[in-house]
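The values are calculated or read from the model by the stated rules, or taken from the named source; none is laboratory data. These figures come from a predicted structure and were not determined experimentally. Glycine gets a Cβ as well: all are built from the backbone with ideal geometry, and neighbour counts include every protein chain shown. To get the accessible areas, we keep the full protein, side chains included, count just its heavy atoms, and leave off ligands, DNA and RNA. Shrake-Rupley method; radii C 1.70, N 1.55, O 1.52, S 1.80 Å.
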Amino acid sequence: MRQMFLRRSALAVFLMLAATALTFALVTVAPGNVAAMIAERSVGAGADGAMIKRIADELGLNDPLPLRYLRWLGGALTGDFGVSLRSGKPMAAEFADRIPMTLLLLTGGGVLAFFLSLAMGLLGAISNGGPVDRLLHGLALVGASTPNFFVAAMLVIVFAVGLGWLPSFGTGGLAAWIMPWVTIAIFPASVLSRVVRVNLQDAMSRPFATTGFAKGLTRGQVLLREALPNIAIPYMTTFGAQFTLMIIGAIVVERVFGLNGIGAFFIEAIRFRDFVGMQAVLTLFVVFFVSINLLVDLLAMLADPRLRRARRA
C-alpha cells in the first residue's frame, strides 16, 4: 500500500509539473508585452523603449523560456507567485483573501450535489420505471444540459427580482449563499443522480439483491442495505471528477452573484491581461484538479481491496 501511495503521489507531482510548464508557456506566448504594460501603468503613455527594455531586463523577461519557468517554479514552491499586474498586490495576498470565498462556494455546492444526487437516484430506483423515475430522469437531463449562467439568471429573476425572497448578490448571511450553491450544484447533481440510478439498477440484478428479497425485504430496504453500499466506488470516483469541474463553474457563479473569489479574479486577470495573475490562478486550478483526483483514487483503493490487487498486478 505504501509503494502504491508513493507511485500515485509521484505521478501526481509529475502531472502538476507538466501542466504548470504548459500553462506557463501558453501564458508567456500570449499577445501582449508585460514590460510595456508595467511601464505604462507606472508613468502612463510616456513610457519609452529604453524604460520598457530596462523593466524587461530587471524581470528577466528576455531570458530563455526554460530558465524563466524554473525561476518562476522556484518562487511558486515557496509561495511567491509574483505580483498581480492589475491590483499591484502579491498573489499570495490575493489568494489569502479570495480562496476562502471559493472554498465556501465549492463546499456548499458539493454537499448539496451529494445529497440531491443520492435522493434523486434512490427515488428513481424505488419507482423503477414509474412516473417518479421518469420525472427525475427528465429533470436530470435538463439539469445536465443547462449552463450555469442560465440557471443563475433564472434563479435571480424568479427568487430575487420576482419574489424578493433571496438577495441577488453578496455574502450577507446564509440566504445569500442559497442561489450560488444551487447554481453550482445543479450540473454535478444531475450527472451523479444518473450514476446512482444506473448503478443501483445494475446492483439490483446481482445475487445479493435476490437474497435480500428472499429474506422478505422490500425493494427500498434492499436498495438501502444491499445495493447502495455496492455503488460507493463508482459514485466516489464520479463525484471527485464532478467536484473538480465545479471550480470551472465557480468562475461564472462568482461573477453573477458578486462573490470575490478566485474565479472572479481570474476573469478580471484575463480582462486586464494580468499575465502574472493568470499563471498563478491556472497553477492553483492544476493543483486542485490533481490533488482531488489523487485523493479520490487513494480513497477508492482503500475502500475496495480489488483495486489494490489490480494495482499490484
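Just to verify a result, which residue in the range 144-168, among those that are within 19 Å of MET246 (Cα to Cα) and not in a helix (DSSP H, G or I), is farthest from the chain's Cα centre (by Cα)?
THR146
Please determine whether any residue of the range 183-206 is free of Cβ contacts under 8 Å to residues at least 40 places away in the same chain, farther than 14 Å from ASN128 by Cβ and not polar (S, T, N, Q).
Yes, that holds for at least one residue.
Which helices (runs of 4 or more DSSP H) does the range 216-300 wholly contain that include 1 or more residues that are within 17 Å of the chain's Cα centre (by Cα)?
Of the helices (runs of 4 or more DSSP H) lying wholly inside the range 216-300, those with at least 1 residues that are within 17 Å of the chain's Cα centre (by Cα) span 232-257, 262-271.
For the range 87-134, which residues satisfy the criterion of being among the charged types (D, E, K, R) and part of a helix (DSSP H, G or I)?
GLU94, ASP97, ARG98, ASP133, ARG134
Pairs please, first residue from the range 140-164 and within 29 Å of LEU123 (Cα to Cα), second anywhere and of a type outside the set (Ser, Thr, Tyr) and open to solvent by 90 Å² or more (accessible area, probe 1.4 Å), Cβ atoms under 8 Å, 6+ apart in sequence or on different chains.
Hits for this filter: PHE159/TRP165.
Kindly list, by first and then second residue, each pair from a residue in the range 100-120 that is over 16 Å from ILE186 (Cβ atoms) to a residue that is among the polar types (S, T, N, Q) and open to solvent by less than 70 Å² (accessible area, probe 1.4 Å), limited to pairs with Cβ atoms under 9 Å and residues at least 6 apart or on different chains.
MET101/THR171; LEU104/THR171
Quick check on this structure: which one of THR244, THR237 is open to solvent by 40 Å² or more (accessible area, probe 1.4 Å), at pLDDT 85 or above and not hydrophobic (A, V, I, L, M, F, W, C)?
THR237
If I filter the range 80-88 for residues that are open to solvent by 50 Å² or more (accessible area, probe 1.4 Å), in contact with a Phe, Trp or Tyr (Cβ under 7 Å, 6 or more places away or on another chain) and modelled with pLDDT under 85, do I get at least one hit?
Among the residues of the range 80-88, at least one is open to solvent by 50 Å² or more (accessible area, probe 1.4 Å), in contact with a Phe, Trp or Tyr (Cβ under 7 Å, 6 or more places away or on another chain) and modelled with pLDDT under 85, which makes the answer yes.
Rundown of residues vs (1) under 30 Å from LEU294 (Cα atoms); (2) open to solvent by 50 Å² or more (accessible area, probe 1.4 Å); (3) in contact with a Gly (Cβ under 7 Å, 6 or more places away or on another chain); (4) modelled with pLDDT of 85 or more, yes/no style:
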position: PHE5; (1), (2), (3), (4): yes, yes, no, no
position: PRO64; (1), (2), (3), (4): no, yes, no, no
position: LEU67; (1), (2), (3), (4): yes, yes, no, no
position: ASP97; (1), (2), (3), (4): yes, yes, no, yes
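Quick check on my filter: what residues within the range 188-229 are among the small types (Gly, Ala, Ser) and surrounded by 15 or more Cβ atoms within 10 Å (Cβ to Cβ)?
ALA189, SER190, SER193, ALA203, ALA209, GLY212, ALA227
Looking at GLY121, GLY138, which is the one that is at pLDDT 90 or above and out of contact with any strand residue (DSSP E or B) (no Cβ under 6 Å at 6 or more places or on another chain)?
Just one listed residue meets the conditions, GLY138.
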